Structure formats: structure tokens, C-alpha cells
Amino acid sequence: MFVVLLTYTAPLEEVDYALPDYAKWLEKHFAAGEFLAAGRRDSREGCVILTRSMSRAKLEAILCVNPFVLGHLATFEIIEFAATRTAPELHRLNEAMAQLA
């Protein structure tokens, strides 16, 4: 699994202008089952995306066509982790836990 931290590098007015395209991009990846959760950081300095397990190369390819990244409005950081413990309602989303069951 991955946590992606997007950090805005442009004024919020420019980020807000790109939000409709970003929302469409997010929807595409939720529909494909690649993203599990996404939302603004409380400080409004960027966004957070939680993804399913996939290759890092695939995730980087997905992120490179993010409208915020394409428009030079944000940068991203990828944090990879293996969830070894989850709440019961997340067990079926966690491939590692599913293998233990």
C-alpha cells in the first residue's frame, strides 16, 4: 500500500482552478480500484491519497498525469508501507491481512 502526499507549489487560486480536472482524475482511479481514500490536508497545503498495493512504477505513472502535477501546481511524495494490522472493516482491503486469514 502507499500513502501519497501532494504538496501545493502554486497559489491556492491556481489550485482551485484545476480542482475539476483533479476530481475527474481521482474518480477514474477510484473506479479502477486503485485508490482507497483521498482528501485535503487540513492545512490546505495539499492532499493525501491512500492506494491499494501496486508496483511503485505504476503508481508513479498514475501520479505523473495528475492535473496538479502536470500543471506544476504540486509535487508528490510516495510512502510505501505494509499494513500488518487493520481495523476489522478494512481486512478485505488489506491484501497482507487477507493472506493471513
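The values are calculated or read from the model by the stated rules, or taken from the named source; none is laboratory data. Everything quoted here is computed from the prediction, not taken from an experiment. Note that we place each Cβ from the backbone using ideal geometry, even for glycine, and neighbour counts take in every protein chain shown.
Here is how the numbers come out for the structure above:
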{"read-out": "Every residue from segment 22-34 that is part of a loop (DSSP other than H, G, I, E, B) and surrounded by 12 or more Cβ atoms within 10 Å (Cβ to Cβ)", "value": "Glu34"}
{"read-out": "Residues located in segment 25-34, provided they are without any contact (Cβ under 8 Å) to a residue 24 or more places away in the chain and either among the β-branched types (Val, Ile, Thr) or farther than 16 Å from Tyr8 by Cβ (or both)", "value": "Glu27, Lys28, Phe30, Ala31, Ala32, Gly33"}
{"read-out": "Some residue of segment 35-54 being among the acidic types (Asp, Glu), within 11 Å of the chain's Cα centre (by Cα) and either part of a loop (DSSP other than H, G, I, E, B) or within 24 Å of Glu80 (Cβ to Cβ) (or both)", "value": "no"}
{"read-out": "Identity of the residue in segment 5-14, closer than 12 Å to Arg40 by Cα and aliphatic (A, V, I, L, M), that ends up surrounded by the fewest Cβ atoms within 10 Å (Cβ to Cβ)", "value": "Leu5"}
{"read-out": "Residue in segment 1-21 that is closer than 25 Å to Leu90 by Cβ and in a loop (DSSP other than H, G, I, E, B) present", "value": "yes"}
{"read-out": "All positions within segment 57-101 that are assigned to a helix (DSSP H, G or I), of a type outside the set (Phe, Trp, Tyr) and modelled with pLDDT of 95 or more", "value": "Ala57, Lys58, Leu59, Glu60, Ala61, Ile62, Leu63, Cys64, Pro67, Val69, Leu70"}
